[in-house]
Amino acid sequence: MRVIIIFLACIVSFTIHSQVSSEGHPLQWNDSDYNPQTGIVVMPNINVDALLEEDANSDHTHFIPRRFGVEHDVQLSIENSGVWTIENDYHVWRLGIKCPDALSISFILSKYILPKGAKLFIWNQARTEFLGSFTDRNNKEFGSLAIGLISGSSVVLEYQVPLSNLVKGELEIGKVIHGYRSLLGQN
């Protein structure tokens, strides 16, 4: 569990260097009636009360970083999950992730190799905020990417690949981080 805090420190540092967002927005972002197919994966429930009790005992220890979430190991990819459609000259893959009662959700993409022209967005189900676009500019030699926090208990990953691309790239979620308390220590 303490790995999460170390992971968080890495995400913050890594995010500063890796999460270069490009322009754009999810398809139909301004259409409040738009309700695309996503396919949904529900993460296991967590015992927040038990976690908060553990945290109360360790938050005062200066040697243990503050925990904010629980990692769920997954292998969810564009090959084995979600829904593919064709919209606005794009192949579009969407996958919904629900973490019951989460305050936030973040991800480690264990495979992240996008071709030129492809875009990845992550948006909350309430459609009040999104992260991205992430593009081939975010490709790294090690082939993975950490994605920062997005508010809410349900999010959608939306991957857009131009119809003209013959390669869809590689995209796999390796970890879903269920944020059960504020990163800033407000709860």
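Worth pointing out:
- Computed from Cα positions, the angle between helix 48-58 and the longest principal axis of the chain comes to roughly 50 degrees.
- Taken over the chain, lysine pairs spaced eight or more positions apart, or on distinct chains, with alpha carbons under 19 Å apart number 11.
- Projecting the Cα atoms of Ser182, Tyr90, Asn57 onto the charge dipole of the stretch 41-187 (Cβ charges, centred on the Cα centre) puts Tyr90 farthest toward the positive pole.
- The mean sequence distance of close C-alpha pairs (under 8 Å, at least 6 residues apart), as a share of the length of the stretch 37-187, puts its relative contact order at 34 percent.
- Surface accessible to a 1.4 Å probe, Asp49 within the full protein complex, Å²: 120
- Range in the chain, longest, excluding exposed chymotrypsin sites (Phe, Trp or Tyr not before Pro) [loop by DSSP; at most 10 other beta-carbon atoms within 10 Å]: 64-141
- Counted charge near Leu131, where neighbours are those whose Cβ lies closer than 12 Å (Asp, Glu -1; Lys, Arg +1): -1
- When you filter the GluC sites (Glu not before Pro) in the stretch 110-187 for DSSP loop state and at most 16 other Cβ atoms inside 10 Å of their Cβ, you are left with Glu129, Glu141.
- Of the trypsin sites (Lys or Arg not before Pro) found in the stretch 89-165, those that fall in a DSSP loop while having at most 12 other beta-carbon atoms within 10 Å are Lys116, Lys140.
- Ordered by 1.4 Å accessible area with all protein chains kept, Ile113, Ile177 run largest first as Ile113, Ile177.
- For the chain, a crude dipole built from +1 on the beta carbon of Lys and Arg and -1 on the beta carbon of Asp and Glu, taken about the Cα centre, is about 340 debye to the nearest 20.
- DSSP beta bridges in the chain [antiparallel fraction, %, rounded to 5]: 95
- Computed magnitude of the charge dipole of the stretch 85-187 (debye, nearest 20; Cβ of K, R +1, Cβ of D, E -1): 140
- Local electrostatic count, Ile150, Cβ distance below 14 Å [Lys/Arg +1, Asp/Glu -1]: 0
- Charge context of Pro115, other residues only, Cβ under 14 angstrom, K/R +1, D/E -1: +3
- The stretch 66-153, relative contact order in percent, only Cα pairs under 8 angstrom and at least six apart counted: 30
- Centre separation in Å (Cα based) which lies between the stretch 116-164 and the stretch 65-83: 14
- Ellipticity estimate at 222 nm from DSSP helix runs (n ≥ 4, -39,500 (n - 2.57)) divided over the chain, nearest 500: -4500 deg cm²/dmol
- Solvent-accessible area per residue in the chain equals 51 Å², computed with a 1.4 angstrom probe and all protein chains kept.
- Solvent-accessible area of the chain (1.4 angstrom probe, protein heavy atoms only): carbon and sulfur portion equals 53 percent.
The values are calculated or read from the model by the stated rules, or taken from the named source; none is laboratory data. As the structure is a prediction and not an experimental result, all values here were calculated from the model. Positions of Cβ are generated from backbone atoms using ideal geometry, with glycine treated the same way; all protein chains shown enter the neighbour counts. For accessibility, only protein heavy atoms count, side chains too; no ligands or nucleic acids. Shrake-Rupley method; radii C 1.70, N 1.55, O 1.52, S 1.80 Å.
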